[in-house]
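Remarks on the structure that follows.
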């Protein structure tokens, strides 16, 4: 049994197909089939059965997949603790950031990594959570910040922080003039929200469904700057985390009230692929990104955020 076989197991479990697993792992299909065959021979048990949704884990497969995820997580943690000399870190690392975090993190992260590892090339990709997760699984980004995603056999997820969501409007508008805005009071407001598959939209829709609140959505957009510009134009209100509007509120361009009854919180996690090996450069970027985010939370530069990671 080796790491490649375990990654193949998790990729097939996630996709339900050897063909799609090969695409996810960026190797040819016969190689994935061979890794699975060797693993089954080593374990002395069938790990998959053919089901209505493709290849499905057997009882033995589920047991092995659970242990494989933990084993790969421990290996990645061990690699992260082995800090290389700055001059030995080369290559390229692509980091996926959520739009609301870009202004706070992008420049500081690139600057810090270039200072510590001058031969490392850093790329920043910005997108909503649904897109970032797809890019991560497709190999287009190496590490990404996501809103708490559904459990995945191909992603290692490390919770970082919880942050409060706010109702955002123009300063003269009464609903956002107070400290809090009950969810029920938002129902009659014209709202400008992200379109699916944005994680924030999913969170809002789920909370409203549970509270039997029906929103009036007047516009949808897949760009946060458009979302804010429509609010600036007086076309309605939006829902955003504090980090996305901190400067605008401080300058008096916008006002924001924390959504309550129930409160809306989103969890930001750091996600890495379990189906491919993280390079030294990626591990360095992960370590620096975690440190940078914690520092921002500790300094109060991330409004409404509570640090979760150990």
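The values are calculated or read from the model by the stated rules, or taken from the named source; none is laboratory data. Here the structure is a predicted model, which means the values were calculated and not measured. A quick note on method: Cβ atoms are made from the backbone with ideal geometry, for glycine too, and the neighbour counts reach across all protein chains shown.
For region 143-188, residues that are touching a helix residue (DSSP H, G or I) at 6+ places or on another chain (Cβ under 9 Å) and either in contact (Cβ under 8 Å) with a residue 40 or more places away in the chain or closer than 20 Å to residue 131 by Cα (or both) total 29.
Search region 189-206 for residues being modelled with pLDDT of 85 or more and either more than 29 Å from residue 126 (Cα to Cα) or in contact with a helix residue (DSSP H, G or I) (Cβ under 7 Å, 6 or more places away or on another chain) (or both), and hand back the single one that is surrounded by the most Cβ atoms within 10 Å (Cβ to Cβ). Taking the candidates together, the pick is 194. Filtered by the rule that a residue be in a loop (DSSP other than H, G, I, E, B) and touching a helix residue (DSSP H, G or I) at 6+ places or on another chain (Cβ under 8 Å), region 207-217 gives 213, 214, 215. Considering region 117-135, and only residues there that are at pLDDT below 90 and not in a loop (DSSP other than H, G, I, E, B), the residue that is surrounded by the fewest Cβ atoms within 10 Å (Cβ to Cβ) turns out to be 134. Just one of the numbered conditions (1) touching a residue at least 40 places away in the same chain (Cβ under 8 Å); (2) within 26 Å of residue 184 (Cβ to Cβ) is not true of residue 218: (1). When the helices (runs of 4 or more DSSP H) confined to region 223-310 are screened for residues that are in the same structural domain as residue 149 (by TED's automatic domain parsing), within 30 Å of residue 142 (Cβ to Cβ) and under 21 Å from the mean Cα position of the chain (by Cα), those reaching at least 1 such residues are found at 280-298.
Among the residues in region 170-191, are any within 22 Å of residue 265 (Cα to Cα) and outside the structural domain of residue 231 (by TED's automatic domain parsing)? No. Being touching a helix residue (DSSP H, G or I) at 6+ places or on another chain (Cβ under 6 Å), at pLDDT 90 or above, more than 30 Å from residue 288 (Cα to Cα) and surrounded by 13 or more Cβ atoms within 10 Å (Cβ to Cβ) is the requirement here; does residue 60 meet it? For residue 60, the condition - touching a helix residue (DSSP H, G or I) at 6+ places or on another chain (Cβ under 6 Å), at pLDDT 90 or above, more than 30 Å from residue 288 (Cα to Cα) and surrounded by 13 or more Cβ atoms within 10 Å (Cβ to Cβ) - is not met. With respect to the stated conditions, residue 165 fails to be outside any strand (DSSP E or B), farther than 30 Å from residue 39 by Cα and either at pLDDT 90 or above or assigned by TED's automatic domain parsing to the domain that holds residue 236 (or both). The set of residues in region 26-49 that are in contact (Cβ under 8 Å) with a residue 24 or more places away in the chain, touching a strand residue (DSSP E or B) at 6+ places or on another chain (Cβ under 9 Å) and in a helix (DSSP H, G or I) contains only 36. When each of 255, 216, 233 is tested for being at pLDDT 90 or above and surrounded by 15 or more Cβ atoms within 10 Å (Cβ to Cβ), the lone residue that passes is 255. Residues in region 6-32 that are surrounded by 20 or more Cβ atoms within 10 Å (Cβ to Cβ) and closer than 14 Å to residue 274 by Cβ: 6, 7, 8, 9, 10, 11, 12, 13, 15, 21, 24, 25.
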